[in-house]
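The values are calculated or read from the model by the stated rules, or taken from the named source; none is laboratory data. Remember, predicted model here, so these are calculated numbers, not experimental data. Cβ atoms come from the backbone with ideal geometry, glycine included; neighbour counts cover every protein chain shown.
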Amino acid sequence: MPFDQALRFASIWLASTSFIGLTLGAGLPEWLAALTGAALIVALLRNRGGKSVERLATYAPISDVGWNLLVIVGFLGFWVDMLWVSGELLSAGIHFLMILMIIKLFNLKHRRDYLHLYAISLVAILASGSLTADLWYLPIFLLYLLAGVWTLLLFQLTKHPEETRMLATSVSIRPQPPASVNQVTPQLFWFANGLALATFGLTLVIFFTIPRVSAGFYQKGFGENIRTSGFSETVNLGEIGPIKRDPSVVMRVELSDGSPHETGRLYLRGVAFDQYDGKAWTNRLNYRRSVSEDATGTFVLRGSRSPAPDRLGETIRQTIVLEPLDTPVLFAAPLIERVSGKFPSIQSDLTGSVYLPFPSSSRIEYSVLSRSNPVLPADLGSEPSRYPESFVRHFLQIPAQPERIAILAKEITHAQRTTYDKANAIQSYLTHNFRYSLDAPLTEQDRPLEDFLFTRKTGYCEHYATAMVIMLRTIGVPARLVTGFLAAEWNEYGNYYVVRQQDAHAWVEVHLPHSGWITMDPTPPSIESIGGGSPAWHALGRMMDTIRLQWSRFFVQYSAADQLAVVRELKAGGTSARNKVFDSMTALFSPFMAMLGGIKEYASKETMLSLAEVLGPVLIGLAVFLWLGIKRPWVKGMTRKKTTYDQQIIAQLYRRMISHLARKGVPKLTAMPPLELVRLTQERWSDASSSVASITELYCRTRFGRIPPTREELALAEDHLRYLMALDKP
């Protein structure tokens, strides 16, 4: 490919990668994305050439003045967009940037036009990088980096085309330079790619040298927060059900021992509610106080639980990566004792729920120490329970309701003596006699709880939790409804729980006089399948989710504290620093190794076939890539093209020599071989015999021996022809 054509192709490639990054990051309007894509396709077709495309370009109806007027119109449209359409400077600027790219793609005539296109592409890729922190930006950036190296290299190689053309036309006899002088050779191909790889390595060094900052003109966060339900101060019955069809990831939870919970499920507590009016739950204990912070940056929640050894329950240490949500609630296993994170402050209400001062607009990571309350032997006795007035007012409140709910609760618990046994009886009754369903339209009922218990007998998790709380309160047992998430999806490649919107859940906390608040869940297991697909696809999805998490941890959230830790490691010794880098790279690529090591786990025939469907095309693609890298068929094609071009040059010189000899009286007959012409020239024109012999020898070697001439040999043949044409025949 000639340098000029390669430069246009690399420039279009550069613009295309920045356009793709901006489209994925900023979400361009459909009409603007389609228009820019069409302009890139037309520019690519024009670069490939063709009579129809060249003819279309020749009759372009817009002149240079017209394009300049379009720039002015686009600038006016930028102000209209910013003031009345999008209402944002950043969005309007991005739209105007794409308009400039479209105009410049149709006006790549002068070198300054290429520089303008490069500047537009640079601003576009910077904007896309500031608008997203997702993993997809990495391949886009690598493609842009590779295109940028090729573009700058080719731009320098074509720096003085006018001088080259003047030099070529100054001597009319001199043939065109060899193809290797103005062609992309294999050596140049691998040199440019190696330079791009070295540039990427330097970029990584700079990337880890400079910590991430969250300020600047382009900073906009990572998109709108995920909408959730059930974590505000009011929860309507049936409100959680619709969001349980949404598979969006809301958080990932790592446990300290790196293994799933003993039960395989982990309750992540959010908000507790104490008041029910017959249709909705509210929290009247929502007064929030600031939580004190100790010297280590850990917020300590000081509750009323005694630190006596016999009252210490299970300790759960979690590291939670929370996506940006539309609620300030911090989720964790019950009950929270300590929270560590990069927070200015946190707050807690009287039910033990923990909040940020405001919802976070970006992904956050924090660590939590939780400790559950065990059921103490004192609460297994038959002595009656007595509660203070505050408990009676908040956790024994029941709305006006039919008497048959209280009758049902007494029938279920009449044979039980202790408070704990009564709670277990109600939980068992709801679990075994009702059916869980996401299709129960109970949100518009006047008496949703009564309809659930006596008519439909099917509903969402909050219907089960509400029924259990109200029935417990009718028999004098304090209880409250709690909303949060029930994590059950364990990612074996990253050793953490993946929590999705569809894992939103409601359960019950029952208060026992000596044990405190005990978690109980009356909701039966769901028999409805939320997601489908083969096990291989699910495994691949968990592996990619692990890679995205490591990307966020080691790249996106790389802060000044992380930089300081690296500097300390470097000061401590090169071995520890290398180990730290090795551990980071191992953590990033561990999903691939875990998937290869866990193939035996999915040894069923059906699963292996599904896995083959996924890995088969990947392996075939890698094999083709390796074959292309070893065989390099494009090198053979370029060599063949170069040989043909050199044959044409020497053939042209040989024909001009024959014509000149014929004018001087040494004609070449049709059947005369080349060497016979040399002998005839020696007889009739001895002064010209050496030049004729030299040109003929080079011609025969190139045509019949298939040995391409060198640049010096072509120049020498040209000198011989010039000497022959200047020689007078006696």
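Quick look at the numbers
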{"item": "Qualifying residue in region 652-673 (condition: under 22 Å from PRO709 (Cα atoms), out of contact with any helix residue (DSSP H, G or I) (no Cβ under 9 Å at 6 or more places or on another chain) and part of a helix (DSSP H, G or I))", "result": "yes"}
{"item": "Options VAL123, VAL71, VAL149; residue that is within 30 Å of MET544 (Cα to Cα) and either surrounded by 19 or more Cβ atoms within 10 Å (Cβ to Cβ) or modelled with pLDDT under 90 (or both)", "result": "VAL149"}
{"item": "Residue pairs meeting the criteria (Cβ under 6 Å; at least 6 apart or on separate chains; first under 16 Å from CYS461 (Cβ atoms), in region 266-295; second hydroxyl-bearing (Ser, Thr, Tyr) and surrounded by fewer than 16 Cβ atoms within 10 Å (Cβ to Cβ))", "result": "ALA280/THR234"}
{"item": "Which numbered condition SER259 misses (of (1) among the small types (Gly, Ala, Ser); (2) crowded, with 19+ Cβ neighbours inside 10 Å; (3) at pLDDT 80 or above)", "result": "(2)"}
{"item": "Selection from region 334-359 of residues that are surrounded by fewer than 19 Cβ atoms within 10 Å (Cβ to Cβ) and of a type in the set (S, T, N, Q)", "result": "SER340, SER345, GLN347"}
{"item": "Selected residue (only one of PRO374, PRO359 is within 30 Å of ILE320 (Cα to Cα), of a type outside the set (A, V, I, L, M) and touching a strand residue (DSSP E or B) at 6+ places or on another chain (Cβ under 8 Å))", "result": "PRO359"}
{"item": "Some residue of region 234-253 being at pLDDT below 75, polar (S, T, N, Q) and on the phi < 0 side of the Ramachandran plot", "result": "no"}
{"item": "Residue in region 482-489 that is of a type in the set (Asp, Glu), out of contact with any strand residue (DSSP E or B) (no Cβ under 7 Å at 6 or more places or on another chain) and outside the structural domain of THR413 (by TED's automatic domain parsing) present", "result": "no"}
{"item": "Set ARG473, ARG456: member being assigned by TED's automatic domain parsing to the domain that holds HIS394, of a type outside the set (Ser, Thr, Tyr) and modelled with pLDDT under 90", "result": "ARG456"}
{"item": "Region 457-469, residues that are surrounded by fewer than 24 Cβ atoms within 10 Å (Cβ to Cβ) and either more than 44 Å from the chain's Cα centre (by Cα) or assigned to a strand (DSSP E or B) (or both)", "result": "THR458"}
{"item": "Complete set of residues in region 488-527 that are of a type in the set (Ser, Thr, Tyr) and part of a loop (DSSP other than H, G, I, E, B)", "result": "TYR493, SER515, THR523, SER526"}
{"item": "Per-region count, region 674-689, residues out of contact with any helix residue (DSSP H, G or I) (no Cβ under 8 Å at 6 or more places or on another chain) and free of Cβ contacts under 8 Å to residues at least 24 places away in the same chain", "result": "6"}
{"item": "Tally of residues being buried (at least 17 other Cβ atoms within 10 Å of the Cβ) and either in a helix (DSSP H, G or I) or within 25 Å of the chain's Cα centre (by Cα) (or both) across region 91-115", "result": "16"}
{"item": "Number of the condition not met by VAL692 [criteria: (1) in a helix (DSSP H, G or I); (2) more than 15 Å from ALA651 (Cα to Cα)]", "result": "(2)"}
{"item": "Test: residue in region 119-128 that is in contact with a Lys or Arg (Cβ under 8 Å, 6 or more places away or on another chain), of a type outside the set (Gly, Ala, Ser), under 22 Å from VAL42 (Cβ atoms) and touching a residue at least 12 places away in the same chain (Cβ under 8 Å)", "result": "yes"}
{"item": "Qualifying residue in region 696-707 (condition: loosely packed, with under 14 Cβ neighbours inside 10 Å and in contact (Cβ under 8 Å) with a residue 12 or more places away in the chain)", "result": "yes"}
{"item": "Single residue of ARG500, ARG542 found to be touching a residue at least 24 places away in the same chain (Cβ under 8 Å) and in contact with a Pro (Cβ under 7 Å, 6 or more places away or on another chain)", "result": "ARG500"}
{"item": "Subset tally (residues that are at pLDDT 90 or above and under 22 Å from ARG447 (Cβ atoms)) for region 400-431", "result": "12"}
{"item": "Residue satisfying all of: in region 6-58; exposed (fewer than 15 other Cβ atoms within 10 Å of the Cβ) and closer than 26 Å to ALA192 by Cβ; modelled with the highest pLDDT among these", "result": "ILE41"}
{"item": "Members of region 629-661 found to be at pLDDT 85 or above and either over 18 Å from SER694 (Cα atoms) or among the charged types (D, E, K, R) (or both), listed by number", "result": "ARG655, ARG656"}
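Conditions (1) of a type outside the set (Gly, Ala, Ser); (2) surrounded by fewer than 18 Cβ atoms within 10 Å (Cβ to Cβ); (3) at pLDDT 90 or above; (4) in a strand (DSSP E or B), marked per residue:
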site: GLY270; (1), (2), (3), (4): no, no, yes, yes
site: GLY278; (1), (2), (3), (4): no, yes, no, no
site: THR296; (1), (2), (3), (4): yes, yes, no, no
site: ASP310; (1), (2), (3), (4): yes, yes, no, no
site: ARG317; (1), (2), (3), (4): yes, yes, yes, yes
